Structures are given as C-alpha cells and as structure tokens.
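Notes to accompany the following structure.
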Amino acid sequence: MFRIIIVSILMLTIEVAAQLDSLVSYYNNGKIESIVHLRDQVRDGDAKYYWENGSLKEELTYSNGRVEGLVRKYNQDGVLREMFSIENGKRKG
C-alpha cells in the first residue's frame, strides 16, 4: 500500500513538472484563429491555424519551439494546396 502511494505521488509530480497547455487565439468575429499546444510555455506539439471563415489554414508540429515534421497548408475552401516536411529547421520537398 505504501508503495502505491509513493508511486502515485511521483507520477503526479512528474505530470505537474511539465506544464502542458494550449494557446487559443480568436478572430474579431469569434471564430478560432489558432490552437497551439505548449509545454512549459514553449510551443511544443500539434498546432492548427484557421482562416477567418473557419476553414483549416495550416497544420504543423512544433518541437521545443521550432517547426518540425509535416506541414500542411490549405486554401480558404479547405482544400490541401501544399504539403512538405521540415527537418532540422530546413524544408524538404
């Protein structure tokens, strides 16, 4: 029983130590402009940006504040228009 309590406390401590949050910004019309995930107040994780009409504009992933991995860009109708990867800060494709 004592071990279970200690393990539970350690798991909670680890979870609290790395603060996960999301930054959501809005257009004046009330629609979402962007949703960016943060870890310890640094962009880290999936991010989505939207056109003012509510359609998806761009999807990408941040790793420790830098864009890394697949980037997808859409036109205002939500149709994919460009897709490329970022590796070590450089665009591929």
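The values are calculated or read from the model by the stated rules, or taken from the named source; none is laboratory data. This is a predicted model, so every value here is computed, not measured. No Cβ is skipped: glycine too gets one built from the backbone with ideal geometry, and neighbour counts run over all protein chains shown. Just the protein is used for accessible areas: all its heavy atoms, side chains included, with ligands, DNA and RNA removed. Shrake-Rupley method; radii C 1.70, N 1.55, O 1.52, S 1.80 Å.
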Please verify whether the stretch 35-43 includes one or more residues that are outside any loop (DSSP other than H, G, I, E, B), open to solvent by 50 Å² or more (accessible area, probe 1.4 Å), modelled with pLDDT of 95 or more and within 21 Å of residue 92 (Cβ to Cβ).
yes
Within the stretch 46-93, count every residue that is in contact with a Leu (Cβ under 8 Å, 6 or more places away or on another chain) and on the phi > 0 side of the Ramachandran plot.
2
Extreme residue, nearest to residue 39 (Cα to Cα), among residues of the stretch 50-93 that are of a type in the set (D, E, K, R), part of a strand (DSSP E or B) and open to solvent by less than 90 Å² (accessible area, probe 1.4 Å):
59
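Determine whether residue 23 is open to solvent by 80 Å² or more (accessible area, probe 1.4 Å) and modelled with pLDDT under 90.
Considered against the rule, which asks whether it is open to solvent by 80 Å² or more (accessible area, probe 1.4 Å) and modelled with pLDDT under 90, residue 23 comes out as no.
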Restricting attention to the stretch 31-44, report how many residues are without any contact (Cβ under 8 Å) to a residue 24 or more places away in the chain and under 24 Å from residue 76 (Cα atoms).
5
Name the residue, out of 93, 65, 54, that is small (Gly, Ala, Ser), out of contact with any Lys or Arg (no Cβ under 6 Å at 6 or more places or on another chain) and without any contact (Cβ under 8 Å) to a residue 40 or more places away in the chain.
93
